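Below is one structure, written out as structure tokens, with a few remarks after it.
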Amino acid sequence: MEKIVVVDDEREIADLVALYLKNSGYNVITFYNSIEARDYIMKNPPDLAILDIMMPELDGLELLKEIRETHYYPIILLTAKDQELDIITGLTLGSDEYITKPFKPLELVARTKALLRRSKVYEKINDRQKSIFIYKDLVIDYNNRECFINEEKLQLTNTEYKILEILLKNCGQKISSEDLFFQATGESYYDKACNSIATHIRNIRIKLGDSFDNPKYIKTIWGEGYIIEREN
């Protein structure tokens with residue numbers, strides 16, 4: 001269940017907002033004091049926060065500013081109609097939406113749902129981007145265990161993929177044949193394993209269309225192992 005924090009020193013408004021959100025299936029935590037809300041939020045970040053701008057002790061804009069120093073979940077500001085400057089300031093500081101008082105509770109619920117849906121989409125996109133690593137014209141998708149060269153999918157065996165993944169994740173670091181063999185297969189190194197790794201490296205180079213004499217991707221450090229050098 002998604003958690004929403006509502007912060008408003010006007011109890012009637014805060015309780016009304018909380019009631020409608022709870023009826024829509026959300027876990028709602030209500031604060032009438034912005035200092036208490038800040039202390040809670042910093043330790044227990046919600047999925048979305050609704051902040052009133054005009055509050056004593058710590059106003060909604062200051063609270064928004066502090067939240068945005070470390071967290072990026074959606075935030076809705078509640079503001080009076082004549083607070084145009086506060087609205088602009090809030091959007092500049094990183095609020096995602098604002099609603100002017102008096103407002104229709106169902107509209108607030110609708111905007112909340114829309115922001116949470118959008119947030120989930122962004123999270124998926126970010127996760128997808130984090131799973132992709134690009135090196136020159138080679139692209140590896142760690143989540144789907146796929147590699148592409150010049151936008152064409154490489155047909156790698158499981159061991160070949162694992163070797164390439166290990167070298168790319170350790171870009172700029174030399175990996176010995178022993179370590180490559182163990183990490184790629186999970187088996188203990190043995191006398192002929194070195195030849196096995198060399199054969200896999202050769203096959204990977206062929207599939208990459210790489211040169212054996214002056215490889216662009218996997219370089220051999222004779223007697224020590226293999227490396228994919230960092231890009232300049």
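The values are calculated or read from the model by the stated rules, or taken from the named source; none is laboratory data. Source: prediction; values computed, not measured. All Cβ positions, glycine included, derive from the backbone under ideal geometry; neighbour counts span all protein chains shown.
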Residues of region 35-83 satisfying the condition of being in contact (Cβ under 8 Å) with a residue 24 or more places away in the chain, part of a loop (DSSP other than H, G, I, E, B) and of a type in the set (D, E): D47, E57, D59
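Among the residues of region 88-122, how many are assigned to a helix (DSSP H, G or I) and out of contact with any Ser or Thr (no Cβ under 6 Å at 6 or more places or on another chain)?
Number of matching residues: 23.
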Checking the condition touching a Gly at 6+ places or on another chain (Cβ under 6 Å) and modelled with pLDDT under 90, which residue from S196, S211, S177, S188 passes? S177
Looking only at region 14-57, count how many residues are over 21 Å from I87 (Cα atoms) and of a type in the set (K, R). 2
